[in-house]
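Notes follow once the structure below has been shown.
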Amino acid sequence: MFTDRKKPYLYLDGAMGTQLLEAGMPLGQRPELLCFTQPELVASVHRRYIDAGSDIIYANTFCANGHKLSGTGHTAAETVALAVRTAKEAAAGTHVKVALDIGPIGQLLEPLGTLGFQQAYEIFSEMVIAGAGAGADLIAIETMTDLGEVRAAVLAAKEHSNLPILVTMTFEAGGRTFTGTTAAAMALTLEGLGVDALGVNCSLGPADLLPIVTELASWTDLPLVVKPNAGLPDPLTGCYDLKAADFAAQMEAFAGLGVTIMGGCCGTSPDYIAALKERMESVIPGRREKKRFHGVCCAGRAVELSGIRVIGERINPTGKKRFQQALRDRDLNYILTQAMEQEEAGAHILDVNVGLPGIDEVAMMEEVVGAIQSIVSLPLQIDSSNPAAIEAGLRRCHGKAIVNSVNGKQEVLDTVLPIVKKYGAAVVGLTMDETGIPQTADQRFAIAQRILQAALAHGIPREDVYIDCLTLTVSAQQDQAVETLKAVGMVKEQLGLHNVLGVSNISFGLPDRLRITENFLVQAMHRGLDLPIVNPNQRQIMDAIASFRVLSGEDRDAEEYVRRFAQTAPSVPAVRQTSAMDLPTAVMKGLREECARQTAQLLERMDELEIVNGLLIPALDQVGLRYEKQEIYLPQLINSANAACAAFDVIKQSIARRGGASVSRGKILLATVEGDIHDIGKNIVKVILENYGYQVIDLGRDVAVDRVARAVAEEKPPLVGLSALMTTTVESMAKTIRAIRATGHDCKIMVGGAVLTADYARQIGADFYAKDARESAEIAKRVI
Amino acid sequence: MERRLTAIDRAEALGYLGCPGGDAPEELRAQVEAACDLLFRTARPRALVRIFERNDRALPGTAFRLEGEDIMAHLSGCHRVVVMAATLGRETEELLLRFQVKDLAMAVVLDACASAAIESVCNDLEEELRLGLAEEGLCLTGRYSPGYGDFPLSAQSMLCDLLDSQRRMGLTLTPSGLMLPRKSVTALLGVSHTLSSRTRRGCTGCPGYDTCIIRKGGRSCVY
C-alpha cells in the first residue's frame, strides 16, 4: 500500500479536530461522539479532504478508546465501527483508503504511570477488532509519545488483523518524545515489530521536524511518513502560524530525504492538503539512502553496533547467593541497584537472567524487565532457556532486545526463532548442538553457519544474528581457549556477524583470575569479539576495553580514554576518624562502609544477636529519639537506617555462612494502595523496619486490592502497612482493608500517608495510624 | 512551551522536610543545595496557558463549567479566566525514581526541592502573565487549583483537556486524578479590570484543613 511506484507520493488528510472546532464543537468535548450526533458534519470533513487530494483519510477514532469514552454511554467498539463506516461512506466510489486512527489512551503506562501493558493492549484490541470489522483499510497509530504504548497498539493490530500498519510519533524539538523515546529507538523497535511505514506527526511545524525525520531515515528502510502541524500555536489563543502555502513550501524539503507519505496535523485544513499536493506534483522524490546504522535499543537510547559494546552480566543468580535471595524475596530494589551500578560503570547493554529453581521465571522476567526499564536507560538482553520466559521478557521490553540464546539444536531453533522474529529482537546463537560443544573451531563455525541460515529462513535480518563461540575454562580444558579464539575470528571474517562471548568463565579455578580474564578478553577482541559479556564493575576489565578502543581506532583521538584516565590522580583515602568511631556512632553518622567494616570486626569477638540487640537496635532507637526531638530530620534518619542496613547485610552473610537461623523478628507486608504512585513514604518505612530486623515484603506501589489480600493470605504476616498520599486514593485504602479482613487472617493493619489522620484511620478500619516512619517501628514493636 | 527553572525556595523545601524556619542543621542545608543543583541540571519545565472568556460558571466555546463556591469567590469580578498547567517534566520524574533506588535520603530531599521548584516555575509564569496583562490595564488573581477549597479535584481532567496537555506537554492523569509527571500543577487565574479587595479567609475555614498538603508544606493556597 505504501510503496505504489506509479505515484511518487501518498497524501494523508489534515486535522479533524481543528475542523470540528471551527464548525462549532466546544473545546473539551469528545470529537468521536459527533459520529453519533452529527455524522454529516464528520462526513463533510472527510469529503473535503478527499476533494483536496487525500489518498488516505483517518476515521474519527483518535480517542475512541475504552478509557476516554468511559462515562459517555458509548463503547469503543460501537464508536469505532460507526466512525469507520462514516469515513468509508464518504470515500465510497473513490480510490481513497480509510485508516482506523488510534491515538494515545490518555493515561501513562507502567512503570512511570499506572496503566498496565496488558490493559493497554486490551483497550487497543477492542478498537482494532471493531475497526477491522467495519472495513478499515489500514491502521494508523499516531501522536504517540510512549514507545511502550505504541508497542501495545502494534501488537494489538497485528494479533487481531492483517491490515497494514502506519505509525507516527510526536517529538519535541530536542529529538525526544515527552516520555523520552528517541527517533532511533522508534525506528529500530517498530521496524523489528514489522510495521509497514513510520514517521512523525503533530508537535512542530514541517521545518522543525526535518532533523528528526533525517535521524529516522538513518535507522530504517521503511517508507517514511510526515504529518506536521501548521507551525506553532499561539500560546494564548491556540491559533497556528503557518499559512497553507508556507506549509507546503516547507514540506518540500522532506522529498529530498525520500519521504513519500505526507499530510497535516493540528491547525491544518483541506486547503493545506490541496496546497501540499499542488506543490509536490512538480517535485521529484529524492533517492532514499539505505539506513546507515543498526543496533539495539531501549526507548530512551539506541546502541549502534559498531565497535566494542559491553554487555553487563551481573543480573544473574548463578553462583550469587545474595542475588538468589533477592529473587526469592522479590527484592526488586536489590536487582535495580545491580542494574544502576552497571550502567554507571559503563555497560551498554544489560543481560537479564532470573532463572532459579522454585521461582516462577516467566512472571519474574516480566516484572524485572518492567522494573529495570523504569530506572535504567539501557537495551536489554533477555537471557533464558525457557521460551515462555523469553517471550514474557520480550513482550514487556519496550525497545529492541537481544535474546540469549538459541543454539544449533533444531528443536530450540524451531521454538525460539519465531519468538525472536515476532518481537523484532536480535538473537545470540551458541555454537553447540545435540552433540554438545564441539572441540574444534571448524565444527563450531559450522554450527554458527547453520544458526545463521535458520535465522534468515525465519526472516530475521543477518545483522541481528550474533554468535557466541563459547568460553571454556582454561584450567580444565586448556586447548580450548585457542579454539574459541579461532572460531571468533572465523565468524567475524567469513560470516561478518557480531561476536558475543562471556569471558569470565575462562579463568575459573585459577588464582588472581582477572589477569587471565583480561588477557583472554583482549585477545578475543583482536579476533573480532565486539559484544563481550563482562562484569563492568571490574575496573581492570573496563580499562582493558578502553585501551583496546584506542588501539582499534574506535575511540577517535582517544577522547574517552583521556576522559577516563586523565582525572585518575593517585587517590587519597578519605580522612576518617576511625580511631574514635564505634558502631553506634557510625550508624548515627550514617556511614555505610564504616558500619560494615565495624560489624565485620565485631563479629570476630561477638555473636550476631549480641551485635544486633546490644549495639544496632539501641543506636537506631537513639537516632529515632533525636528525630522525634527534631534534632535531626528525615534524610538523616534514612541515612542512619541505610548505614545500619550495611551492618545487617554483614550479619546476614555471617549467619548464612554458618547455616544458622535468620535474625528476622517477624514478617511485615507493605504496599502503596491501588491508584497511588507516591511510594517514597512507604519506602522509608521499609528501610526503617528492616533495620529493626523485620522481614519486609514490599508489594510496591499502585498495588491492586486483591493482590494485597492474596499476599496477606499467602504470607500470613502479623502486621500489614498501607500507604496513600492523595485524598483520591484513601478510598482504595479502605477497600484494601476490607479485603484484608475478608481473608480471615488475623493481622493488625497500620496506615500512613500525608492526607491521613488518626480519626480517618479509625474510620476506615485500620488498627494503627503511623504519623511517620519512626512511629511505624514503634507499632511493629508493640504488635510483633 | 518550554520554561526555565530560575529559582528554588530553600526555605519552602526545608518546610516540606519538616524543618521550617531558619534553624536547619548544616548537613541538611548541604543536602538541599546538592538536590537543587541536580534539579537545575535535570528539570526541563514546560507550561501551557490559554485565556478564555468567562460567563458566570461557563467558559464559552468550551464544555467546561466551574464547580464549587470557592472558585467562584476567587474569580469574582473576573471576565476572563487563564487556564494554566506546568510541569517539571519526565526528566525530573525519572530522577526522583532513580534516587528512590539509589539513595532514599537524597530522594526525600529531591522530592521536597522539586515541589518547591514547580512552585517557582508557576510563580515566574504567573508574574509574566501579570505584567503582560498590566500593559493592557488588566489585573490577574493568584492561582487556584483543583482540590483547593471546594473546587473539585475532578476538574483537573477538564483543565488538561482544554490545554490538550498530554499532546502538548506530556502531562497525563491517572484514573484517580493524579498528575504524571508528579511534579506538575494545573490552575485557574482570573482576569479583571480592577484589583479586587477580597478578604483572605485563611486556612481554618477550609474544608480540606486536616489533610491539606499545601498547609503541611507551610504554605497557603488562598491569596
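The values are calculated or read from the model by the stated rules, or taken from the named source; none is laboratory data. Computed from a predicted model, the values in this text were never measured in an experiment. Neighbour counts are summed over all protein chains in view; Cβ atoms, including those assigned to glycine, are modelled from backbone coordinates with ideal geometry. Each accessible area value is taken on the protein alone, full model and side chains, heavy atoms only, with ligands, DNA and RNA left out. Shrake-Rupley method; radii C 1.70, N 1.55, O 1.52, S 1.80 Å.
Below are the figures for this structure:
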quantity	calculated
Tilt relative to chain A, helix A:76-91 - C-alpha long axis, 0 to 90 degrees, to 10	30
Reachable lysines, given that their alpha-carbon falls under 24 Å from the alpha-carbon of B:K183 and they are not under 8 places away in the same chain	A:K68, A:K682, A:K686, A:K771, B:K102, B:K216
Contact order normalised by residue count of region A:517-561, Cα under 8 Å, 6+ apart, percent	31
In Hz, Karplus ³J(HN,Hα) per residue of region A:229-240 (6.51, -1.76, 1.60; θ = phi - 60°; x = Gly, Pro)	6, 7, x, 10, x, 5, x, 8, 9, x, 7, 8
Solvent-accessible area per residue, Å², over region A:691-784 with all protein chains present [probe radius 1.4 Å]	41
Rough spin-label spacing in nm, given labels placed 7 Å along Cα→Cβ, for A:S282 and A:E78	5.2
Table column - 3J(HN,Hα) (Hz), region B:34-41, Karplus curve with 6.51, -1.76, 1.60, x for Gly and Pro	4, 5, 4, 3, 4, 5, 4, 6
Lysines whose Cα lies under 25 Å from that of A:K422, excluding same-chain neighbours fewer than 8 positions away	A:K158, A:K290, A:K291, A:K400, A:K409
Inter-label distance, nm, simple model (7 Å from Cα along the C-beta direction), B:L131/A:L356	5.8
Crossing angle, helix A:117-133 versus chain A [Cα axis fit, 0-90 degrees, rounded to tens]	20
Estimated 222 nm signal from helices in chain B, with DSSP H stretches of n ≥ 4 weighted -39500 (n - 2.57), rounded to 500	-13000 deg cm²/dmol
Whole-number percent relative contact order across chain B, with pairs defined as alpha carbons under 8 Å at least 6 apart	27
FRET E, pair A:H95, A:Q622, Förster distance 60 Å, beta-carbon r, rounded to 0.05	0.15
Averaged over A:137-148, number of beta-carbon atoms from partner chains that fall within 10 Å	1
Ranked packing of A:695-704, A:596-605, most packed first, by mean Cβ within 10 Å	A:695-704, A:596-605
Euclidean distance between Cα centres, region B:43-104 to region A:144-169, Å	31
Distant-in-sequence amide H partners of A:S405 (H built 1.01 Å from N, under 5 Å)	A:S384
Derived scalar couplings ³J(HN,Hα) [region A:744-757; Karplus, 6.51 cos²θ - 1.76 cosθ + 1.60; whole Hz; x for Gly, Pro]	x, 6, 7, 9, 8, 10, 10, 10, x, x, 3, 8, 7, 10
Solvent-accessible area buried by pairing A with B, both sides, nearest 100 square angstrom, 1.4 angstrom probe	5100
Average beta-carbon neighbours from other chains, 10 Å sphere, peptide B:161-173	6
Within region A:471-495, backbone nitrogen closer than 15 Å to the virtual label 7 Å beyond the Cα of A:T318 toward Cβ	A:471-474
Members of region A:713-741 that become less accessible by 30 Å² or more once partner protein chains are added (1.4 angstrom probe, chain alone as reference)	A:M726, A:T728
Potential lengthening between A:S44 and A:R665 on full extension [0.36 nm per residue; Cα-Cα distance subtracted]	216.4 nm
Carbon plus sulfur fraction of accessible area for region A:429-490, probe 1.4 Å, in percent	54
Heavy-atom accessible area ranking, 1.4 Å probe, most first, across A:K629, A:K68	A:K629, A:K68
Mean-position separation - Cα centroids, region A:1-41 and region A:609-640, in angstrom	63
Accessible solvent surface per residue of region A:581-635, calculated while the other protein chains remain in place, 1.4 angstrom probe, Å²	51
Extension gain from A:L603 to A:D759, taking 0.36 nm per residue of separation minus the Cα-Cα distance	51.5 nm
Folded to 0 to 90 degrees: helix A:361-375 orientation relative to chain A principal axis, Cα	80
GluC sites (Glu not before Pro) restricted to DSSP loop in region A:258-305 with at most 10 other C-beta within 10 Å	A:E281
Length-normalised contact order for chain A - Cα pairs under 8 Å, 6+ apart - percent	7
Burial order of peptide ranges A:375-384, A:171-180, A:315-324 (average beta-carbon count within 10 Å, highest first)	A:375-384, A:171-180, A:315-324
Spacing of the two label points (7 Å from each Cα toward its C-beta) at A:K781 and A:R710, in nm	3.7
Burial order of peptide ranges A:257-269, B:49-61, A:456-468 (average beta-carbon count within 10 Å, highest first)	A:257-269, A:456-468, B:49-61
Alpha carbon centroid spacing (whole Å) that separates region A:337-383 from region A:512-562	23
Estimated [θ] at 222 nm from DSSP helical runs (n ≥ 4, -39500 (n - 2.57)) normalised by residues in chain A, nearest 500	-14000 deg cm²/dmol
Surface accessible to a 1.4 Å probe, per residue, for the residues of region A:282-352, Å²	45
